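Visitor: Sharing a structure with you now.
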Amino acid sequence: MYGKRTSAKWNYSHYRRSKRQPRKREYFPPTDLPAVALGNCIMTIMGIKARDNNIDLKGTTVDVTKIMASEPHRVAEIIVDFYFPKKNYSAEEKRIVESVAGTSPVPLSLHPDLKQTIKFNW
């Protein structure tokens, strides 16, 4: 699970637990929840800001990578990559959308020791 991509698009029914936690099947590992929540929450806030400013973000996709630390075993970093459609956004439109990325509830609620890396791919 170290550095594995996590996405709301995954079919979690195929996830198998590790040998550390032997059970037959689970729908998702619990540590995926903050990763998916972070990407989803930021996208929601950016979408609201874009709508309010007549900026079309349709077709935007998000990849989320969760990186685990071993001692103690925890989520150490979440990397959120936003991929925007090729629509020739102006510098001002990009600034407006990017400016709200860290202001949504989930990024503000996560522990400060959890590294949040947000990337914008225009």
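The values are calculated or read from the model by the stated rules, or taken from the named source; none is laboratory data. Predicted model, so just to flag it, every value in this text is computed and none were measured. Reconstructed Cβ throughout: ideal geometry from the backbone, glycine too, with neighbour counts over all protein chains shown. Surface areas here come from the heavy atoms of the whole protein model, side chains and all, with no ligands, DNA or RNA. Shrake-Rupley method; radii C 1.70, N 1.55, O 1.52, S 1.80 Å.
Visitor: Considering only DSSP beta bridges where both residues belong to the range 25-122, give the percentage that are antiparallel (nearest 5).
Guide: For the range 25-122, the DSSP antiparallel bridge percentage is about 55.
Visitor: Still on this structure, I have one more. Tell me, what is the FRET efficiency for Asn88 and Thr31 to the nearest 0.05, using R0 = 41 angstrom and their Cβ-Cβ distance as r?
Guide: Efficiency, rounded to the nearest 0.05: 0.60.
Visitor: What figure, in Å² to the nearest 10, do you get for the accessible area of His111 with a 1.4 Å probe and non-protein molecules left out?
Guide: For His111, the solvent-accessible surface is approximately 110 Å².
Visitor: Multiply the residue separation of Trp122 and Arg95 by 0.36 nm, subtract the distance between their alpha-carbon atoms, and state the gained length in nm to one decimal.
Guide: 8.6 nm
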